[in-house]
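Below you'll find the structure, written out as structure tokens, and then a few comments.
Computed from the coordinates by the stated procedures, all read-outs in this text should not be read as laboratory data. None of the values given here were measured: they were computed from a predicted structure. Every residue, glycine as well, gets a Cβ built from its backbone with ideal geometry; the counts of neighbours run over all protein chains shown.
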């Protein structure tokens, strides 16, 4: 069974809380994109402050699209976030931050932008809980799906069949089947679900396409 995780990317604390409430009846997990305006041009909510105030049974994945995740990761450990995603291209000691997240009983994945080669993270593959491929250029919701990443995912899956693969960006009923065929088992979808006007229907459309 393929997991579909709706994503939130916003610079408004009020909108963030509204979206959590809208999504929580239809999912057990929400993906939260955090951008610092440096690593990517866009800037979002701080995130950990808002999550400390949100009471929800939903679990959270947090994708840190930030230049120096080591500067803020400790703040996140005061939230109930249980899975983190760190950009492979960020200015950090990847081995150290993976270890720190695991020491705090959380799971961690590394994220590769469309142009980043697998070699960048090869030494860490045995230490992470999953890998996430960006299938758009990160920072904004609604980006153009980058077809070339599908082949990269397929190659990775053949080389490392035991690693859980997530794909994030441009995930729709049209793109979902090719991603699943390439080896993806977790699909993250933001704009398609959020802007659909019917969250339950949009999630089910992706789910049906992915599982058939």
*asked:* For the range 12-64 and the range 82-140, what is the centre-to-centre distance using only Cα atoms, to the nearest Å?
replied: 19
*Return the distance in nm (one decimal) between the two label points of a simple spin-label model at residue 115 and residue 102, each offset 7 Å from Cα along Cα→Cβ.*
3.1
*Tell me the label-point distance for the pair residue 147, residue 127, using the 7 Å Cα-to-Cβ offset, in nm and rounded to one decimal.*
3.7
*asked:* At 222 nm, what value in deg cm²/dmol follows for the chain if DSSP H runs of at least 4 each add -39500 (n - 2.57) and the sum is divided by all its residues, to the nearest 500?
replied: -8500 deg cm²/dmol
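Sorted by packing (mean other beta-carbon atoms within 10 Å per residue), highest first, where do 180-190, 27-37 land? List each step's numbers first, then the result.
Details: 180-190: 21.4, 27-37: 19.8.
Descending mean neighbour count gives 180-190, 27-37.
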*Please express the Cα-Cα pair-distance distribution P(r) of the range 64-171 as a list of whole percents, one per 5 Å bin, running from 0 to the bin with the greatest distance.*
2, 12, 24, 24, 20, 13, 5, 1
_Multiplying the sequence separation of residue 196 and residue 72 by 0.36 nm and subtracting their Cα-Cα distance, what value in nm do you get?_
41.4 nm
_If you take every DSSP beta bridge fully contained in the chain, what fraction is antiparallel? Give it as a percent rounded to 5._
5
*Take each of the peptides 61-69, 145-153, average the number of other beta-carbon atoms within 10 Å over its residues, and list them starting from the highest.*
61-69, 145-153
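At 4 °C and 1.567 mPa s, what whole-number value in µm²/s does Stokes-Einstein give for the translational diffusion of the chain, with Rh from the Kirkwood sum over Cα pairs? Before the final figure, lay out the partial values.
On the way: Rh = 17.1 Å.
It diffuses with D of about 76 µm²/s by this estimate.
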*Could you work out, for the range 121-203, what percent of all Cα-Cα pairs fall into each 5 Å distance bin, beginning at 0 Å and stopping at the bin that holds the largest distance?*
3, 15, 26, 22, 17, 10, 5, 2, 0
